[in-house]
Amino acid sequence: MGRIFLAFTTTALLLAGASTAALAQAPACRNTGNFERWLADFKREAASQGISPSAIAAASPYLVLDQRIINIDRGQRFFSQNFLEFSGKMVPVYRMQTGAAQIKKNQALFQRVEKDFGVPAAVITAFWGLESDFGADQGKDHAIRSLATLAYDCRRSEMFRGHLFDGLRLIERGDLRAEEMIGSWAGELGQTQMMPSEYFQNALDYDGDGRRNLIKSVPDVLGSTGKYLVHLGWRRGEPWLQEVRVPAKLAWDQADLSIQHPRSQWAHWGLTRADGRPLEGDAMPASLVLPMGRFGPAFLAYNNFQVYLKWNQSLMYSLTAAYYATRLEGAPAMQRANAEIPKLGFEETRELQQILQRMGHDVGRIDGVLGLKSRIAVKQVQVKLGMPADSWPTPDLLSRLRGSR
């Protein structure tokens, strides 16, 4: 969750094409120190921080090096899918039906969570479904082993070191027994996949049994997720995402998450609700998001949408989670384009990124994935070339850039 690195299951990541900041910036490195020596130093530091000998002893069988985890972390590949493809795979019919059933089944609990934290049932349920299929797929790796391995590994050691300390604190606090801590390969735990530090800081004993168990207790999961979303900035009573219809002519450069206008201004420029009814003419600030450019779906993203991006930096994942939540709240399925949307393939996107980088643009990782940095660079060259600046790369754009070299 948080998510300065992998934020959901490995399978979902491969579908998402998510390239997060930490992965893009992590330097190549080699481990040269002895693991056992590192581990002895870590245990001494844990004790100096006040972590009890019993917690360290309980975790010790799992404080081992697992080269497979390092191989997964360093060997990830990201595959490009557009928003319609990704959201279609991540929000199939069964997830819609199961999500609706879970909201109905846990109605009283969700009402309590919304009263306490102001987060609607649909928002929490969407994360619950995407992260673990409502608890059915929480991962198969031992969190302490994964965390110890990644804390030792030179690539992102400091971040995982903090999570490992907090993993021991979870044991010490009595939230989980060491043997119960089974989760994702990166150390995430529970039905909404919290890293140990997020778990330690935000988990609630919502069922009153004396433990904060986000692996087995649905009340603890839902209450803790509501609390965590407030920690990320959730605003009670405000929307998060709304599908809209855009006019054929618009100042396309205004379609940007960094730009907000009052809803009344978007209405003045010709935006309507997806069904053609007028937008609310109020001062609610919103950004226009065109995940597939001016020919694809269009959404107004409100301040609460920033919470989704803090949960996961992948725009694809965040839009999918937010869209899923709107569907669970009763919104109809998004409109599909009337014509085929022009798009680039994986290798063409990599070529475009390489050209943009040579032009001096920061595209982040050259990986064939249209991340936020790549979209910003695309918009900048579209403006320069006098093209509609909707941040969506097309074969025409790539052809013009090839010709300008």
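The values are calculated or read from the model by the stated rules, or taken from the named source; none is laboratory data. The structure presented is a predicted model; accordingly, all values stated were derived computationally and were not measured. Positions of Cβ are generated from backbone atoms using ideal geometry, with glycine treated the same way; all protein chains shown enter the neighbour counts. These area figures cover heavy atoms from the full protein model, side chains too; ligands, DNA and RNA do not enter into them. Shrake-Rupley method; radii C 1.70, N 1.55, O 1.52, S 1.80 Å.
For the range 39-101, give the percent of accessible area contributed by carbon and sulfur heavy atoms, probe 1.4 Å, rounded to a whole number. Write out the running numbers ahead of the final one.
Numbers: 1830 of 3140 Å².
Solvent-exposed carbon and sulfur of the range 39-101 make up 58 percent of the total.
Taking the Cα centre as origin and putting +1 on Lys and Arg beta-carbons and -1 on Asp and Glu beta-carbons, what dipole magnitude results for the chain, to the nearest 20 debye?
Computed about the Cα centre, the dipole is about 760 debye.
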(message) What's the ranking of 158-166, 223-231 by average number of surrounding C-beta atoms within 10 Å, highest first?
(response) 223-231, 158-166
(request) Hey, could you get me the Stokes-Einstein D for the range 271-394, Kirkwood radius over alpha-carbon pairs, 37 °C and 0.692 mPa s, rounded to whole µm² s⁻¹? (result) 205 µm²/s
(message) So with the 1.4 Å probe, I'd like the accessible area per residue for the chain, rounded to whole Å².
(response) 42 Å²
(message) Using only the alpha-carbon atoms, how far is helix 395-404 inclined from the longest principal axis of the chain? Give it as 0 to 90 degrees, nearest 10.
(response) 90 degrees
(message) Testing the spin-label approximation: label points 7 Å from Cα along Cα→Cβ at Phe35 and Ile259. State their distance in nm.
(response) 5.1 nm
(message) Suppose R0 equals 45 Å. What FRET efficiency, 1/(1 + (r/R0)^6) with r the Cβ-Cβ distance, do Arg177 and Arg336 give to the nearest 0.05?
(response) 0.40
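Per DSSP helix of 4 or more residues, -39500 (n - 2.57); summed, then divided by the residues of the chain. What does that give at 222 nm, rounded to the nearest 500? Don't skip to the answer; put the middle values down first.
Details: 19 runs with 197 residues, N = 405.
Mean residue ellipticity, 222 nm, calculated: -14500 deg cm²/dmol.
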(request) Enter the angle in degrees (range 0 to 90, nearest 10) between the Cα long axis of helix 218-231 and the first principal axis of the Cα atoms of the chain, meaning the one along which they spread out most. (result) 60 degrees
(request) Please say if the chain is rounded, prolate or oblate, where rounded means a/c under 1.5 for a ≥ b ≥ c the square roots of the C-alpha gyration tensor eigenvalues, and otherwise the choice is prolate for a/b larger than b/c and oblate otherwise? (result) oblate
(request) Take the solvent-accessible surface of the protein heavy atoms, probe 1.4 Å, and return the percent of it on the range 265-391 that carbon and sulfur atoms account for. (result) 51 percent
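After finding the eigenvalues of the alpha carbon gyration tensor for the range 133-259, what semi-axes result from the square roots of 5 times each, listed largest first in whole Å? Walk me through the numbers before you get to the answer.
Working: eigenvalues 232, 82, 35 Å².
Semi-axes, largest first: 34, 20, 13 Å.
When only C-alpha pairs under 8 Å and at least 6 residues apart count, what is the relative contact order of the chain, in percent?
Relative contact order comes out at 18 percent.
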(message) With the crude spin-label approximation of a point 7 Å out along Cα→Cβ, what separation in nm comes out for Leu398 versus Val383?
(response) 2.5 nm
(request) Please work out the Cα center distance from the range 292-319 to the range 385-405, rounded to the nearest Å. (result) 23 Å
(request) Measure nothing but the geometry: give the 0 to 90° angle between the long axis through the Cα atoms of 315-328 and the longest principal axis through the Cα atoms of the chain, rounded to 10°. (result) 90 degrees
(request) Using only alpha carbon positions, build the gyration tensor of the range 305-367, then give the equivalent ellipsoid semi-axes as the square roots of 5 times its eigenvalues, largest first, whole angstrom. (result) 30, 18, 8
(message) Give me the one-decimal nm value for the distance between modelled label points at Arg235 and Ala47, 7 Å along each residue's Cα-to-Cβ direction.
(response) 5.1 nm
(message) Students often get this wrong: which residues of the range 152-186 have the backbone nitrogen under 16 Å from the point 7 angstrom along Cα-to-C-beta of Gln67?
(response) 153-154
